[in-house]
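The values are calculated or read from the model by the stated rules, or taken from the named source; none is laboratory data. The shown structure was predicted, so the numbers you read here are calculated from the model rather than taken from an experiment. Don't worry about glycine lacking a Cβ; one is built from the backbone with ideal geometry, like all the others, and counts go over all protein chains shown. Quick note on the areas: whole protein, heavy atoms, side chains included, nothing else; ligands and nucleic acids left out. Shrake-Rupley method; radii C 1.70, N 1.55, O 1.52, S 1.80 Å.
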Amino acid sequence: MSSKTIKVDVLARVEGEGSLQIKIKDQRVADAKLVIFEPPRFFEAFLRGRKFSEAPDITARICGICPVAYQMSACNAIEDAFGVRVNGAIRDLRRLLYCGEWIESHALHIYMLHAPDFLGYTDAIRLAQYFPDAVKRGLRLKKIGNAIMTLVGGREIHPINVRVGGFYKVPTKEQLSELMEDLKWALIASLETVRWVATLSFPQFERDYEFVALKNPGEYPINEGRLASSKGLDIAVREYEQHFIEEHVEHSHALHSTLKARGAYCVGPLARYALNFDALSPVAQEAAKSAGLARVCRNPFQSIIVRAVELVYACDEALRIIDRYEMPEKSYVNVEPRASSGYGCTEAPRGILYHRYRFDDHGLILDAKIVPPTSQNQKAIEEDLLEFVNANIEMPKDKLQLQCEQAIRNYDPCISCATHFLKLRVEEE
Amino acid sequence: MAGHPKPKLAVWKFASCDGCQLSLLDCEDELLAVAGAIEIANFPEASSAVMKGPYDVSLVEGSVTTPHDEERIHAIRRTSNVLITIGACATAGGIQALRNFRDVREMTSIVYARPDYIETLTKSTPIKDHVFVDFELRGCPISKGLLVEVLSAFLHGRKPNIPNYGACVECKRRGTVCVMVASGLPCMGPITQAGCGALCPAYARGCFGCFGPKDTPNTTALSAVWKDLGVGEQDLVRAYRTFNAYAEPFRRESEAHEQ
């Protein structure tokens, strides 16, 4: 009887702190665990007793990488509770702000966190010595995403301009138009990104995921929609907790989410793409086809290509929004608190982010529930590891360990979010 | 300086959102130049290459909230020539220091089904409560321009040029009309340290204190003005209890309004 262990104590190039532990016994994986030791921060507890208007700024602090996602899901849930709908130019500005976050986060992950895996470097700085043009392109793309967030949101990390009902101040058409030149460059650079990542070599590995993403008629999902899955789920956001459960497992400070009916599921770029290919703009669809992607991609290692396709879409969509923008007279819609519950879900760069709040009649939060994308993907990540290691059990341990780390990074996991972290440990007993 | 080794930089994370260390990667124009001048020796969020200490400069993000982290910060101090804390979590305990005002066991059971799986301290505390800190860079998040300034100052052996005056000064310099005087919006600018560029008033909202208390803040006077604007006691408590809730002047003032 032989056994071995693959261990990575601190998983690098992920947002937050976690480790990987895989135990192999008699040539089979006995156990694969993504261990999350990021310290818990208890957001849902201290949100109790806070005012509705504070929720966007407080929940943004769950994650410095995707604060806009938290602000948007919070606003949606609160507006749902108080019976308010935000339309027109304010909705468009929210979508533009979110495009900024997608561009920043996707460019960061593609060029600085994920590409080094495929090319055999430890980081983007070393990658830059051999691929200076690519890294510079990635940095400029990232900077343009940040520029959108800075203009619309006030700053790139924890924007200050988002309020329930809209914004504190809206930009003028002229201010937004100043982003156009950079965004036109970004669209070309993102097409270049798709071509570049399509030339990488990918392990042969596919899984039959249940993909879960938002779907909203007439647009690629970002700010709202119904929750849909590749196995027939089609529900309103308010029905989320009837279909999904969170479990607390001993090795993780992040709660594991599963679908009650079928278990693990996958959220993020692969899921959005599989369920919403038709809603991508023609230039993004064309980029996907020329990169050799089918309408559904089940190889998680190719998520880097799908992320690049979404980068194209986000640049393209940002340009469309700026083009049609007319500055609204009022920067927000009035909101009147009432005793109620509200539900919100938006597409963070890593996948669906669910918020639910219950309020008293003064708009104070009685209780809150937040389910970030990484905790929803945890089980899918562990299942990927299990299948991948079983299929590659003969691989030398060093190489296997690197590919396991890469398999985790496929999800661009954000551990700070998931605990509201991540380490890799593979053990052979 | 051929043959002179580049100074080694390490970045460490405690309880936090990752936003302040992301500020380093957000220096898109400076990043490759910075990497040319210093050795990024330990920065897990950006690189899987880890060089052993000692390090010339350590940047520490996040607050101490677990028994393990309480030990870890001492090991980091021992291996760091200069230790700089970045952000409200590291300098004041962060938003997670709201637990310091409540029963942490109750909070654990609200979030986690199995509180027995969770190891956590009753308080979230800034790094300076545990080890000597050479410099504190405030903000939630820090401003990346100030981060570059602090790094270059320490690498050149000079004092960082970081403001310790109030955010009001930045409003005046920016030419923003006072939102509290002109529009009656409650604003924390008079007691909050500058550093963000007085963003919020420029966006027609009151400052909400991301950079924490300035030197000698008159919180009592500010609370009186806020009350004149119709702000209630409970709203005052909440205003002082955000990202810098456990910074001494904010903590004291919030307790003064708690019944």
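A compact table of results
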read-out	value
Euclidean distance between Cα centres, the stretch A:304-331 to the stretch A:210-259, Å	24
Efficiency of FRET between A:Ala339 and A:Lys260 - r from beta-carbon atoms, R0 41 angstrom, step 0.05	0.90
Residues B:Glu149 and A:Arg28, FRET efficiency given R0 of 51 Å [Cβ-Cβ distance, rounded to 0.05]	0.40
Accessible area, probe 1.4 Å, largest first, for residues A:Asp367, B:Asp228, A:Asp182	B:Asp228, A:Asp182, A:Asp367
Qualifying trypsin sites (Lys or Arg not before Pro) in the stretch B:48-98, DSSP loop, other Cβ atoms within 10 Å at most 16	B:Lys52
Relative contact order (%) - chain B, alpha-carbon pairs under 8 angstrom, separation at least six	17
Length released on extending from B:Val177 to B:Gln234, taking residue separation times 0.36 nm less the Cα-Cα span	17.7 nm
Per-q log10 I(q)/I(0), the stretch A:59-126, q = 0.11, 0.13, 0.16, 0.25 Å⁻¹ (Debye; single scatterer per alpha-carbon; no solvent)	-0.40, -0.51, -0.67, -1.06
The stretch A:249-306 - Kirkwood radius from inverse mean 1/r over Cα pairs (Å)	13.3
In Å², nearest 10: area of A:Ser290 left accessible to a 1.4 Å probe	90
Computed accessible area, A:Lys51, all protein chains, 1.4 angstrom probe, square angstrom	60
Theoretical FRET efficiency, 1/(1+(r/R0)^6), r = Cβ-Cβ of B:Arg102 and B:Ala221, R0 35 Å, to 0.05	0.80
Semi-axis lengths (Å, descending) of the ellipsoid that matches the C-alpha gyration tensor of chain B	33, 25, 14
Cα shape, the protein assembly as shown, gyration tensor, a/c 1.5 rule	rounded
Gain on full stretching of the segment that runs from A:Arg226 to A:Glu286 - 0.36 nm per residue minus C-alpha separation	19.0 nm
Heavy atoms of A:Trp185: accessible area, 1.4 Å probe, square angstrom to 10	80
The stretch A:16-158: equivalent-ellipsoid semi-axes (sqrt of 5 x gyration tensor eigenvalues, Cα, Å)	33, 26, 12
Contour minus Cα-Cα distance for B:Ala256 and B:His74 (0.36 nm per residue)	62.1 nm
Span from the the stretch A:35-59 Cα centroid across to the the stretch A:83-160 one, whole angstrom	25
Between helix B:144-155 and chain B: long-axis angle, C-alpha atoms, 0 to 90°, nearest 10	50
Per-residue [θ]222 nm for chain B (sum of -39500 (n - 2.57) over DSSP H runs n ≥ 4, rounded to 500)	-10000 deg cm²/dmol
Given 14 as the ceiling on other Cβ atoms within 10 Å, longest exposed-site-free region of chain B for chymotrypsin sites (Phe, Trp or Tyr not before Pro) in DSSP loops	B:1-131
Estimated [θ] at 222 nm from DSSP helical runs (n ≥ 4, -39500 (n - 2.57)) normalised by residues in chain A, nearest 500	-13000 deg cm²/dmol
Percent RCO, i.e. relative contact order, over the stretch B:110-259, from Cα pairs under 8 Å lying at least 6 residues apart	18
